[in-house]
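The values are calculated or read from the model by the stated rules, or taken from the named source; none is laboratory data. Predicted model, so just to flag it, every value in this text is computed and none were measured. Cβ placement follows ideal geometry from the backbone for every residue including glycine, while neighbour counts extend to all protein chains displayed. In case anyone asks, the SASA skips ligands and DNA or RNA and just uses the protein heavy atoms, side chains included. Shrake-Rupley method; radii C 1.70, N 1.55, O 1.52, S 1.80 Å.
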Amino acid sequence: MTANTTALSKQPNPDTAEHNAFFPSPYSLSLYIPEKTDFAGLKFAKPYQGGKYKVLMIASDERYLLMGNGKFFSTGNHPVETLLPMHHLDQAGFEIEVATLSGNPVKLEMWAFPSKDETVKAVYDKYLPKFKKPLKLSEVLAKQLGEDSPYLGVFIPGGHAAMHAIPFSDEVKQVLKWAVASDKYVISLCHGPAGLIAAAHNEPDQDFIFKGYKICVFPDSLDLGANVDIGYIPGPMPWLLGEKLKLLGMEILNEGISGQCYQDRKLITGDSPLAANQLGIIAADALLKEVIS
């Protein structure tokens, strides 16, 4: 740790666009946000070229997460957790359709953007029109989730905003139930697996469709301790993701964040932004095996 790093403030940065809202502290950003990702090239042998099959991404359309102390965290989808898996899937030949609950634009944590990563920037530029004008998830449900759906998988990217409305959405519940019943892939990482909780929304916990699955997810211990202490988040979480997933019967494999990924049946998960590249590799390979013999 350098003297320059230790001199940085651990106080969350105010977001003056909203009352009592905050970005992460300078100190926490210096620890968590590298200029480049660990992307080191594509790993599949050849891409899919059929043009039919796609991936449905359910993104966050709300920036402000109300924390346990009444402060707002100015969050969104994490750009690395969103864009790096997207790059692998896109380059593997699968167009990604972007949807939000409202049809309003996707919110990204632009303060977490890797400033010198040309790969991440390229996929951001390519999909920016879809981020600005995403599909409305209810319309996707009505028109594109039949027996001949083009979607091979559902991707729920991370970022604390994934804990806002997505876990409490009947539309997300219907998408997940369709995915499991139709033998499709569900892909997520970090706080994105909060979306899985939607499958239990207004349903008996014992009927949770992911009960008994093993998963990698961002650990509660960091959101309870270090992330508050270093000012990455401006207060305690409104609820704990890992705790809820365990109550629903999922087994969490990781204790910290090391880039760990895991595939259980057709659920592919990763523990943090450190897992974004490997998650993309695993997901692209899995989807290609579905369409290329």
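Suppose the filter is modelled with pLDDT of 95 or more, open to solvent by 10 Å² or more (accessible area, probe 1.4 Å) and assigned to a loop (DSSP other than H, G, I, E, B); does residue 244 pass it? Judged against the criteria, residue 244 is not a match.
The rows are residues; the columns are (1) closer than 19 Å to residue 271 by Cα; (2) touching a residue at least 12 places away in the same chain (Cβ under 8 Å); (3) touching a Ser or Thr at 6+ places or on another chain (Cβ under 7 Å).
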site	(1), (2), (3)
205	no, yes, no
213	yes, yes, no
231	no, yes, yes
248	yes, yes, no
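Please report, ordered by residue number, the helices (runs of 4 or more DSSP H) entirely within segment 130-241 with at least 1 residues that are among the hydroxyl-bearing types (Ser, Thr, Tyr). Correct list: 137-144, 220-224. Only one of the numbered conditions (1) free of Cβ contacts under 8 Å to residues at least 24 places away in the same chain; (2) touching a Pro at 6+ places or on another chain (Cβ under 6 Å); (3) not small (Gly, Ala, Ser) is not met by residue 220, and that is (2). Evaluate segment 35-48: report whether one residue or more is in contact with an Asp or Glu (Cβ under 8 Å, 6 or more places away or on another chain), buried (at least 19 other Cβ atoms within 10 Å of the Cβ) and in a loop (DSSP other than H, G, I, E, B). Yes: segment 35-48 contains one or more residues that are in contact with an Asp or Glu (Cβ under 8 Å, 6 or more places away or on another chain), buried (at least 19 other Cβ atoms within 10 Å of the Cβ) and in a loop (DSSP other than H, G, I, E, B). A search for C-beta distances below 8 Å between a residue of segment 24-48 that is closer than 30 Å to residue 292 by Cβ and of a type outside the set (Ser, Thr, Tyr) and any residue that is open to solvent by 70 Å² or more (accessible area, probe 1.4 Å) and modelled with pLDDT of 95 or more, counting only pairs 6+ apart in sequence or on different chains, returns 38/274; 42/91; 47/91. Go through the residues of segment 131-142 one by one and say whether even a single one is crowded, with 17+ Cβ neighbours inside 10 Å, at pLDDT 95 or above and basic (Lys, Arg). There is no residue in segment 131-142 that is crowded, with 17+ Cβ neighbours inside 10 Å, at pLDDT 95 or above and basic (Lys, Arg).
Contact map, segment 152-167: first residue farther than 11 Å from residue 61 by Cα, second residue of a type in the set (Asp, Glu) and outside any loop (DSSP other than H, G, I, E, B), Cβ cut-off under 7 Å, separation 6 or more or different chains; pairs are 152/290; 157/81; 158/81; 159/81. Return the residue satisfying two criteria in turn: it lies in segment 97-117 and is part of a loop (DSSP other than H, G, I, E, B) and touching a Leu at 6+ places or on another chain (Cβ under 8 Å), and of such residues it is surrounded by the most Cβ atoms within 10 Å (Cβ to Cβ). If we take residues in segment 97-117 being part of a loop (DSSP other than H, G, I, E, B) and touching a Leu at 6+ places or on another chain (Cβ under 8 Å), then 101 is surrounded by the most Cβ atoms within 10 Å (Cβ to Cβ). Search segment 1-21 for residues that are within 18 Å of residue 227 (Cβ to Cβ) and at pLDDT below 95 and pair each with any residue that is outside any loop (DSSP other than H, G, I, E, B) and open to solvent by 80 Å² or more (accessible area, probe 1.4 Å) when their beta-carbon atoms are under 8 Å apart and the residues are at least 6 apart or on different chains. Every condition considered, the pairs that remain are 5/31. Within the span defined as segment 252-267, every residue fails to be under 17 Å from the mean Cα position of the chain (by Cα), within 21 Å of residue 161 (Cα to Cα) and assigned to a helix (DSSP H, G or I).
The number of residues in segment 266-293 that are among the hydroxyl-bearing types (Ser, Thr, Tyr) and open to solvent by less than 10 Å² (accessible area, probe 1.4 Å) comes to 2.
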